[in-house]
1. Which pairs do you get when a residue that is under 18 Å from R43 (Cα atoms), found in the stretch 59-85, comes within reach of a residue that is surrounded by fewer than 17 Cβ atoms within 10 Å (Cβ to Cβ) and polar (S, T, N, Q), reach meaning Cβ atoms under 9 angstrom, with the pair 6+ apart or on two chains?
2. Collect the residues in the stretch 198-207 that are surrounded by 12 or more Cβ atoms within 10 Å (Cβ to Cβ) and either at negative phi or among the aromatic types (F, W, Y) (or both), keeping them in residue-number order.
3. How many residues are assigned to a strand (DSSP E or B), farther than 13 Å from R26 by Cβ and at pLDDT 95 or above if we restrict to the stretch 99-109?
4. Is there a residue being loosely packed, with under 12 Cβ neighbours inside 10 Å, touching a strand residue (DSSP E or B) at 6+ places or on another chain (Cβ under 8 Å) and at positive phi anywhere in the stretch 174-192?
5. Applying the selection to the stretch 164-173, what residues are farther than 28 Å from L74 by Cα and surrounded by 21 or more Cβ atoms within 10 Å (Cβ to Cβ)?
6. Can you confirm whether V114 is crowded, with 16+ Cβ neighbours inside 10 Å, of a type in the set (V, I, T), more than 12 Å from A177 (Cα to Cα) and modelled with pLDDT of 95 or more?
7. Give just the number: which of (1) in contact with a strand residue (DSSP E or B) (Cβ under 6 Å, 6 or more places away or on another chain); (2) among the hydrophobic types (A, V, I, L, M, F, W, C); (3) closer than 21 Å to R189 by Cβ does I84 not satisfy?
8. Among the candidates A67, A38, A93, A62, which residue alone is farther than 16 Å from V213 by Cα, open to solvent by 30 Å² or more (accessible area, probe 1.4 Å), assigned to a strand (DSSP E or B) and not polar (S, T, N, Q)?
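The values are calculated or read from the model by the stated rules, or taken from the named source; none is laboratory data. Keep in mind that what you see is a predicted model, and the values were worked out from it rather than measured. Every residue, glycine among them, receives a Cβ derived from its backbone with ideal geometry; neighbour counts consider all protein chains shown. When the accessible area is computed, the model is the full protein with side chains, heavy atoms only, and any ligands, DNA or RNA have been set aside. Shrake-Rupley method; radii C 1.70, N 1.55, O 1.52, S 1.80 Å.
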Amino acid sequence: MAGHVLRLLEDRLVPGAGAALPALNRVLYVLAGDISLAAGTERRRLGAGGAWYGRAACSVEAGDEGATVLRWELAGGDGAGGGIGGPGIDSRAVLSHPIDLAPGQAYLMRCDRVDFAPGGEARPHRHQGGGIRRLIAGELEVRIAGHESRTMKPGDAWFESGAEAVHALASPSSATAFIRVSILPAAIRGRSSIVYLDPADAHVTPRRYTLFVDEPIELPR
């Protein structure tokens, strides 16, 4: 397996602050505020709840209310770095984790949002690839096989390899949601990556999924 790292950073920009980002497979998700984005000939404005994928160098600039941006990147080597600096920018690493990717295999980068109604549940399951999740609302108890159970609150992030079974229980009193970015086999583009240990559980307390990005990628060297 080649050495790759999936990392999540959070960038807070005051109104008008801007930054340039090098070429890399990345997803940007605007958590609050809005940004203007430029990548090659592409020009786009992203408001809160919007996501974008690109692999070329790009630049972002915060709008009149500033912006908080979640930034997932797939990097080669140890994945060190990734923070951006400059006036009016606070950039911090949230989570970085190695991810096993086979040379020569085709992959895609997927970003989606998962919403649970109060008391929602994801029965024990696996995925066909790994990814980083970030809770943005509610509360979620995450039970990953071989690890201690963790109760996630807004702002918490965690990695799932896809290989270990996961059981997730949402807050009984409030709606719960997380954003995730996963690296998955390109062959499942447009299809769910989830595999339940008991196939009958696929129909228990369904979640709502919002797909933002599902794009083929080239692996960084």
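1. Taking only residues 6 or more apart or on different chains, the pairs are S59/S36; V60/S36; E61/S36; A62/S36; G63/S36.
2. D201, A202, V204, P206, R207, listed by residue number.
3. 2
4. The answer is yes; a qualifying residue exists.
5. The answer is A170, and nothing else.
6. It is false that V114 is crowded, with 16+ Cβ neighbours inside 10 Å, of a type in the set (V, I, T), more than 12 Å from A177 (Cα to Cα) and modelled with pLDDT of 95 or more.
7. (3)
8. One residue alone meets the criteria, A93.
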